[in-house]
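The values are calculated or read from the model by the stated rules, or taken from the named source; none is laboratory data. What you see is a predicted model; the values in this text were computed from it and never measured. Counting neighbours? That spans all protein chains shown, and the Cβs are built from the backbone with ideal geometry, glycine included. For the accessible areas, the whole protein counts, side chains as well, though only heavy atoms, and no ligand, DNA or RNA atoms are used. Shrake-Rupley method; radii C 1.70, N 1.55, O 1.52, S 1.80 Å.
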Amino acid sequence: MTPVRAALYVHLPFCPYICPYCDFAKWAYDGPAAAGYLAALEAEIDAAPALAGTTVFFGGGTPNTYEPAVLTALVGRLRERFALAADAEITLEINPDPELCTGLAAWRAAGINRLSIGVQSFVADELRVLGRRHVPADVTEVVRRARTAGFANISIDLMFGVPGQTETSWRQSLDAALALDVQHLSTYGLTIEDGTPYARWFAREPAAFADDTREADLYALAIATLGGAGYEHYEISNFARPGFRCAHNENYWRNGDYLGLGVGAASYRDGVRSVHTRDRETYVAAARAGEPIPGESETLAGDQRVGEAIMLALRTREGVDTGAFRERYGVDVRARYRSAIERMEADGLLQSGASFVRLTERGRFVANDVCAAFL
Ligand code: SF4
């Protein structure tokens, strides 16, 4: 029997320092803890179900806190375990601190062929506010070195809505990213996560943060600037040169199967969504003992499964392919959601045709509200 195809996500949760806005499963780097975690991750990989891996995404945390040899060995293990194609997209999320990027040539030699660089801003003051320790020149240097090492698929993450950010400074970041001529850009609005130092700052001084109108203005500037420079706005937060969409993330938006490995990692298989515990010690103990990783799971069925798939598809430029939905879920989306679609078309938030339903440019600014109508 042909094994199920799935994208692979590998969580490497250690960081050289902790940013005050961050809510990911992450910890400050500690050698023995990182070694113990790695042993647990290897055990989980070895015990994983038989799947044919399609893409790999090393996320974090800061994956490049691990030595290049560790990442090389992990790629080899995944290749063997999940029969990855030789040219499979393998992304490494990195922090652009040059001291953490000495392994560029080794990463490339291991088969990592895409870098996702957590830049956030090209304005030194904003980087300080975000608690980031790199400076804008570091990014230029790392991108230059990455190209020399043979990376031809580089993505940069930028953040808008940073306290103190102005339209001018956001434009400065966008222009600096464009000057690097990378293949892919992601732009995210800052979100205030409960329990973070930023949440406490927001409680004290909400005016320091961008409100919805301001965020929308900054997002509009990103769309105009990146679109004007020839990047395809292929998903709400993502822009790519032709041929450089992120295959790993496109699988999520198509509601494809994926396997998450590591603490806090999420998986989706056969309509079952699950997430591993975010407690690192619990994860490590279970994985090393060869026991099931504690966590939560829910089975999506019926309307919930269709609604979830619509929500994901609406994030993309193509939107919902109604023919494909009929075939896969047995649902005529246009008929089932007729009144919601007609209402939002009248409001200029959705557009539909014989074979698609998708967000309009305006709809992208209120995507969460639009998607809620299908859940
Ligand atoms: S480097 Fe990334 S994962 Fe680590 S604390 Fe900062 S934002 Fe979070």
Principal axis dimensions, largest first and in whole angstrom, of the chain by Cα: 58, 56, 42
Averaged per residue, what accessible area in Å² does the chain show with a 1.4 Å probe, protein chains only? 44 Å²
Please figure out what share of the DSSP beta bridges in the chain is antiparallel and state it in percent, rounded to the nearest 5. 40 percent
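So if R0 is 51 Å, what FRET efficiency would residue 291 and residue 328 give, r being the distance between their Cβ atoms, rounded to the nearest 0.05?
0.90
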Please work out the ratio of the alpha-carbon Rg of the stretch 41-86 to 2.2 N^0.38 Å and round it to two decimals. 1.15
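Please report, as a whole percent, how much of the solvent-accessible surface of the stretch 324-375 comes from carbon and sulfur atoms (probe radius 1.4 Å).
Carbon-and-sulfur percentage of accessible area, whole number: 45.
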For the stretch 93-243, average projected area of the Cα convex hull in nm²: 9.2 nm²
Sites residue 214 and residue 83 - FRET efficiency at Förster radius 41 Å, r taken between beta-carbons, to 0.05: 0.30
Rounded accessible area of residue 9 (nearest 10 Å², 1.4 Å probe): 40 Å²
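Would you list the membrane-span-like helices of the chain, meaning whole DSSP H runs whose alpha-carbon atoms span at least 20 Å along their axis and whose mean Kyte-Doolittle value is at least -0.5?
31-47, 68-82, 212-228
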Quick one: length gained pulling residue 360 to residue 135 fully straight, 0.36 nm per residue minus the C-alpha distance? 77.3 nm
How much of the accessible area of the stretch 238-299, in percent, comes from carbon and sulfur atoms when a 1.4 Å probe is used? 47 percent
If I stretch the segment between residue 109 and residue 340 completely, what's the gain in nm (0.36 nm per residue apart, minus their alpha carbon distance), one decimal? 78.1 nm
Extension gain (nm, one decimal) between residue 299 and residue 46, 0.36 nm per residue minus Cα-Cα: 88.6 nm
Relative contact order of the chain: what whole-number percent is it, with Cα pairs under 8 angstrom and at least 6 residues apart? 15 percent
Return the Cα extents of the stretch 66-151 along principal axes one, two and three, sorted largest first, each rounded to a whole Å. 45, 24, 20
For the stretch 1-114, what is the convex hull (Cα atoms) projected area averaged across all directions, in square nanometres? 7.3 nm²
Can you list which of the trypsin sites (Lys or Arg not before Pro) found in the stretch 298-375 are DSSP loop residues with at most 15 other C-beta atoms within 10 Å? 317, 362
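For the stretch 122-187, which whole-number percentage of the solvent-accessible area (1.4 Å probe, protein heavy atoms only) is attributable to carbon and sulfur atoms? Don't skip to the answer; put the middle values down first.
Working: 1280 of 2530 Å².
Percent of accessible area from carbon and sulfur atoms in the stretch 122-187: 51.
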